[in-house]
Amino acid sequence: MDQTFTTIIEPFRIHSVEPLRMTTAEERSFAIEQAGFNLFNLHAEDVLIDLLTDSGTGAMSRDQWAAIQHGDESYAGSPSWFRFEAAVKELFPFRHVIPTHQGRAAERILFSVVGGPGKLVPNNTHFDTTRANVEFSGAEARDLVIPEGHDAATIHPFKGNMDLGALETLLQERAATIPVVFLTITNNSGGGQPVSLANIRGVSEICRSYGVPFFLDACRFAENAWFIHEREEGQSQRDISDIVREIASLADGMTMSAKKDPFGNIGGWLALNDDDLAEKCRNMLILTEGFPTYGGLTGRDLEALAQGLKEAVQPDYLRYRIRSTAYLGDALDAAGVPVVKPIGGHAVYVDAKALLSHIPPLQYPGQALAVALYKSGGIRSCEIGTVMFGRQPDGTEAPAAMELVRLAIPRRTYTQSHIDYVIEVVTSVAKDAASLPGYRMVREPQALRHFTAQFEPIA
Ligand code: F0G
């Protein structure tokens, strides 16, 4: 790459396009009311720029579409499976790779085997489905991110790091009840912040000294490896795939949603070294996902992922990816909109607690902001705050650690002018933030309430 010029461009050109549908403010006002003020209930065609998630929403490449033509749909032992397995092991050389239809299926299988009442699972910060699957098994999910990770404004290069002291203390007291220690890279619920290689080594060492398995929740492993490459001493000369392999070598297994960094529209896996555990997990897999050489995926999905994994670790792509997320975050920051800093890998997180300080946590400031962004500019975002995490296992409701609104950037999907539009809308909503109402929840499901809860504004 020519280092003379500083403009970061998309390292691809557009090959096929999808139309976006324009709506009026009146139409959006009607649509969000019909949706019970829950963005998950909107019809996607009523959304202009969809930043709800970066999961399964990326654009596949020409080479992925070509690979799909090689999909072999044999029930067992398909060549597509062997290509997929080899691509996974190239980066994550675990002994067993167990394919699943997405990340939470891997989580459900693992925690149904190793979880259960009386057990405790530490993580830097559990993602919502991970926490839900730990808790559904009867175990406790404990978040041990470093203190800087709880404060939206504190600058730290690796704000997703695990608090190693807290982990060691917990293992001293409870190692016998801890079936696995997890580390989420990057730390999605804590602002998409990376974990340093030094921290991963530290977690690995502590876990090994207590004989407790160490697993990665590695959905955004390539973005995390890029941050290590850019920010950690001694790492800038290494290949991204080399950094990824070292990360894998420090762990005993992983769960994966291939809908993120590997550019899948669907897919995931569970990988691990322990033969006994792998056997138990495969038995669970056969019950609900499918035979161990497809696990809920078609041959063509496996092909698309095998190719996507190769593209995920390309430096030109990762440089563009991380810089284009920062482009949005830096612009909002410069306009005075409070955002989690430094800017994470896959998303910009607006600090709704700071921006809507007039709305108490139990009136969901993040939800209030997300609704306003939709009504104002047709942008769909996602609350990561008390709506998502407020309901406690004992049935009470408590404020979450942070009230964030996540603007997640689908991979290779939107151009800079789309993002310029987002900057304009968010900045304009932020100017009128003091006029936004809080919300009350009028319908609440039992688990993962943020997906289907309904709200109404408080007059
Ligand atoms: N772990 C992390 C860190 C995640 O971000 C996700 C999904 C999962 C596990 C579960 O994977 O969706 O394939 O079952 N995150 C998406 C998001 C949904 O919007 O952040 P899945």
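Worth pointing out:
- Full extension of the chain between R95 and F5 yields a length gain of 28.0 nm, computed as 0.36 nm times the residue separation minus the alpha carbon distance.
- Rg over Rh [alpha-carbon atoms, Kirkwood Rh] for the range 62-312: 0.96
- In the chain, a dipole from Cβ-located charges (positive for Lys and Arg, negative for Asp and Glu) runs towards its positive end, and of G329, W226, P360 it is P360 whose Cα lies farthest in that direction.
- Stokes-Einstein translational diffusion, the range 153-206 - Kirkwood Rh over all Cα pairs, 0.890 mPa s, 25 °C, in µm²/s: 206 µm²/s
- Segment E45-H156, extension gain: residue separation times 0.36 nm, minus the distance between their alpha carbons: 36.1 nm
- With both labels modelled 7 Å from their Cα along Cα-to-Cβ, the S376 to N273 distance reads 5.0 nm.
- Cβ-Cβ FRET estimate between R13 and A434, R0 fixed at 35 Å, reported to 0.05: 0.20
- Point-charge dipole on Cβ atoms (K/R +1, D/E -1) for the range 62-312, about Cα centre, debye to 20: 300 debye
- Spatial offset of the range 373-391 relative to the range 1-77 amounts to 18 Å, using the alpha carbon center of each.
- For the range 306-421: Kirkwood Rh in Å [reciprocal of mean 1/r, alpha carbons]: 15.5 Å
- The range 59-156: equivalent-ellipsoid semi-axes (sqrt of 5 x gyration tensor eigenvalues, Cα, Å): 34, 21, 12
- Proximal charge balance of G290 [Cβ under 13 Å; K/R count +1, D/E count -1]: -2
- Accessible carbon and sulfur surface of the chain relative to its total accessible area, %, 1.4 Å: 52 percent
- Put a dot 7 Å past the Cα of T427, heading toward its Cβ, do the same for A459, and the two dots end up 3.7 nm apart.
- When each full DSSP H helix of the chain is screened for a Cα extent of at least 24 Å along its own axis and an average Kyte-Doolittle hydropathy of at least -1.0, the helices passing are 315-334.
- Size of charge dipole - the chain - debye, nearest 20, with Cβ of Lys, Arg +1 and Asp, Glu -1, no other charges: 200 debye
- Spatially, the range 268-346 and the range 104-146 are offset by 19 Å when compared through their Cα centroids.
- Largest-first ellipsoid semi-axes for the chain, taking √(5λ) over the Cα gyration tensor eigenvalues, angstrom: 32, 27, 23
- The calculated Kirkwood hydrodynamic radius for the range 121-257 is 14.8 Å, given to one decimal from all distinct C-alpha pairs.
- Rolled with a 1.4 Å probe across the full set of protein chains, the surface gives S376 an accessible area near 60 Å².
- The amide H of A258, built 1.01 Å from its N in the peptide plane, has G103, G267, G268, W269 as neighbours under 5 Å, considering only residues 5 or more places off or on other chains.
- For the range 450-459, 3J(HN,Hα) per residue [Karplus equation, 6.51 cos²θ - 1.76 cosθ + 1.60, θ = phi - 60°, Hz, x = Gly/Pro]: 4, 5, 10, 4, 10, 10, 9, x, 8, 4
- Label-point separation, Q314 to D394 (7 Å along Cα→Cβ), nm: 5.2 nm
- When each of K119/K259; K260/K353; K89/K280; K353/K431 is checked by Cα-Cα distance, pairs over 23 Å: K119/K259; K260/K353
- Counting 0.36 nm for each residue step from D63 to A166 and taking away their Cα separation leaves a gain of 32.6 nm.
- Two-site FRET efficiency, A176 against E444, from Cβ-Cβ distance with R₀ of 45 Å, rounded to 0.05: 0.80
The values are calculated or read from the model by the stated rules, or taken from the named source; none is laboratory data. Owing to the predicted nature of the structure, the values given are computational and were not obtained by experimental measurement. Every residue, glycine among them, receives a Cβ derived from its backbone with ideal geometry; neighbour counts consider all protein chains shown. Each accessible area value is taken on the protein alone, full model and side chains, heavy atoms only, with ligands, DNA and RNA left out. Shrake-Rupley method; radii C 1.70, N 1.55, O 1.52, S 1.80 Å.
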